[in-house]
Amino acid sequence: MPRETAARRLAVHQARKRNACATANGGTCACWSTVSAVRNRISLGRGHMKAVVFHGIGDIRLDTVPDPAIQQPTDAVVRITSSAICGTDLHMIRGTMPGMQPGTILGHEAVGVVEEVGRNVRNLRKGDRVLVPSTISCGHCAYCRAGYTAQCDTANPNGPLAGTAFYGGPKATGPFDGLQAQYARTALAHASLIRLPDKIDDDRAILMSDIFPTGFFGAQLAQVQLGDTVAVFGAGPVGQFAVASAKLMGAGRVICVDRVPSRLDMARAQGAEVVDFDVDDPVQTILELTGGIGVDRVIDAVGVDAVRADQGPAASAQQDRQQTFDQERDEIAPERNEQGGHWTPGSGPSQVLQWAVKAVAKAGTVSIIGVYPANDRFFPIGEAMNRNLSVRMGNCNHRAITPHLVELVANGSFDPISVLTQREPITNAIEAYQAFDAREPGWIKVKLEP
């Protein structure tokens, strides 16, 4: 069968059958793994694969690139069965996370099957089904042993002081080619990869590669305790899991702030009280809902691409800050490449931080898991200090946190599946990026299937 004809027939199969099959099988297409395997067999020729590649700010493409290979004895090559699009990927495309090298494969979330291992990977073998955590860690340095796996001393090629190493990120994080591809080289595989039980399907597993652990980490940083009232800013994928994690840790009330109706609906379905910041001033509303005290904990699940209110009392209250927000955006993202409404940096880089320090009670805790770049200098430190706030932040320690979450999902204690809203073939990756970037209704978490 000619390759072009086969690809065309597979596309027709996907368009007509995949969604119906997914509905009939509880959200997972029973035949899609077979289709993916066929696509791999008729791919672009031996030694090459499809991958989503960063070419510049506002410029990503689905390219044909060489297959990855073992480079170090602790590497493994993984055949990707599922990857995903994350808000962090958008920061790099929008220009709010600088330092990306053209040619870097994007993506830091994946599930797959081990194809090859280096000679020092002694706990995995070909055929093992694995979860690929977003951050990379060695397992033997002092930081890894203490559970701070995102601050591994040896994973980042830029040195022990360089900070977190992760897939598909800027030069300062490695760089390591990412996971939005048909195959990936995974570094320090013996200490990073997590073997998956058969009872956890790809739809659920992909949510534990980054966003569930990061949401859980946010609640952990916030030190959520039994009975606490918690505010989560941002009802995107990470915010949804921050809501869920706060409740898992015993929060008595969770208030979630966003303005996208479908996202607020999902948070409400979890039991959160929701606030649309284009309708109500989030700070005043939170104070009203808490008897004028404020919440015990705030989790920022948005980061640098926060947007300011466009209407309502929150917009009116911040008329004098509009120029300041513009200056922040220009300093953080001096290079931009906006195209037809896509890849636009957030209009209020410090917006969530400004709201957070006002919405939390005196002596409360602010947890920051939304991404901010190294050149961001706009935190309202004076107000936080004068209210005796504790501020805790950082990148998720995936390898320390994720095994516990895998167990929760495997034993039925928690089911993350509701957050996964789209399943797209990697051939539709650019269109999927655009829909996610635009926050189209219902687009909360997108899984890419090779």
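Annotations for the structure displayed:
One line per residue, one yes/no per condition, for (1) under 21 Å from the mean Cα position of the chain (by Cα); (2) over 18 Å from residue 60 (Cβ atoms):
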| site | (1), (2) |
| --- | --- |
| 104 | yes, no |
| 157 | no, yes |
| 176 | yes, no |
| 193 | yes, yes |
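- Among the residues making up segment 229-262, those that are part of a helix (DSSP H, G or I), over 16 Å from residue 368 (Cβ atoms) and touching a residue at least 40 places away in the same chain (Cβ under 8 Å) are 237, 240, 244, 248, 261, 262.
- Exactly one residue among 304, 371 is surrounded by 17 or more Cβ atoms within 10 Å (Cβ to Cβ), touching a residue at least 12 places away in the same chain (Cβ under 8 Å), touching an Asp or Glu at 6+ places or on another chain (Cβ under 7 Å) and not in a strand (DSSP E or B), and that residue is 304.
- Single residue of segment 409-432 satisfying the filter (more than 19 Å from residue 80 (Cα to Cα) and without any contact (Cβ under 8 Å) to a residue 40 or more places away in the chain) that is surrounded by the most Cβ atoms within 10 Å (Cβ to Cβ): 421
- Test: residue in segment 152-166 that is under 30 Å from residue 335 (Cα atoms), among the aromatic types (Phe, Trp, Tyr) and touching a residue at least 60 places away in the same chain (Cβ under 8 Å): yes
- Residue match in segment 192-203 (condition: under 17 Å from residue 394 (Cβ atoms) and assigned by TED's automatic domain parsing to the domain that holds residue 420): no
- Number of the condition not met by residue 96 [criteria: (1) assigned to a strand (DSSP E or B); (2) of a type in the set (Ser, Thr, Tyr); (3) surrounded by 21 or more Cβ atoms within 10 Å (Cβ to Cβ)]: (1)
- Of the residues making up segment 376-398, at least one is closer than 22 Å to residue 236 by Cβ, buried (at least 21 other Cβ atoms within 10 Å of the Cβ) and not polar (S, T, N, Q).
- Segment 173-228: number of residues that are in a helix (DSSP H, G or I), surrounded by fewer than 24 Cβ atoms within 10 Å (Cβ to Cβ) and of a type in the set (Gly, Ala, Ser): 1
- Being assigned to a helix (DSSP H, G or I), out of contact with any Ser or Thr (no Cβ under 7 Å at 6 or more places or on another chain), hydrophobic (A, V, I, L, M, F, W, C) and surrounded by fewer than 23 Cβ atoms within 10 Å (Cβ to Cβ) is not true of residue 267.
The values are calculated or read from the model by the stated rules, or taken from the named source; none is laboratory data. Just so it is clear, the structure is predicted and the values come from calculations on it, not from any experiment. All Cβ positions, even for glycine, are placed from backbone atoms using ideal geometry, and neighbour counts span all protein chains on display.
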